[in-house]
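To start, the structure under review is shown below, and the notes come after it.
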Amino acid sequence: GGGGTAGSGRGQQRAPAGPALSDIFTPESIGPLLRNADVRQRLLEHLPPQHAATQDLEQLMHTPQFKAQLERFSHALQSGQMDLAQFGLSPGTGFSIAEFLRAIQVQAQISNDAEEEKGAKKDTESGATGDENS
């Protein structure tokens with residue numbers, strides 16, 4: 001028979017699969033993105049003016065505060081403390097960084113498809129007007 005130890009199963013959350021955010025969001029990997037004008041423009045909409053320069057953003061990534069925030073975010077993701085329903089992920093279960101990033105990709109694709117569909121619909125509607133009143 002087997003008794004096992006009751007105290008050892010304290011952490012019921014899933015083990016994080018794959019890299020942590022701090023492994024992914026490095027100055028080396030994100031720097032080229034920050035230098036992309038389109039990406040930078042979209043990012044700046046969400047940042048305070050004092051962080052508008054690309055150089056400032058890259059320096060910010062080297063700060064202990066930025067790294068600590070990535071760690072907190074990773075922990076909240078993996079422990080299920082974040083509500084990720086907006087990304088189609090069930091609440092309360094905890095996710096690996098890879099699962100979270102895949103969910104963001106899916107949401108981005110859905111959003112892009114909806115934008116393209118809206119644009120195509122607008123083009124179609126502006127074509128034929130079928131305006132016949134009897």
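Averaged per residue, what accessible surface does the range 41-100 expose to a 1.4 Å probe, in Å²?
Ligands and nucleic acids excluded, the figure is 63 Å² per residue.
Scan around GLY80 for amide H atoms under 5 Å from its own, H built in the peptide plane at 1.01 Å from N, and keep only partners 5 or more places away or cross-chain.
Counting only residues 5 or more places away or on other chains, the set is GLY94, PHE95.
The values are calculated or read from the model by the stated rules, or taken from the named source; none is laboratory data. Note that the structure is predicted; figures quoted are calculated from it, not measured. What goes into the accessible areas is simple: the full protein's heavy atoms, side chains included, and nothing from ligands, DNA or RNA. Shrake-Rupley method; radii C 1.70, N 1.55, O 1.52, S 1.80 Å.
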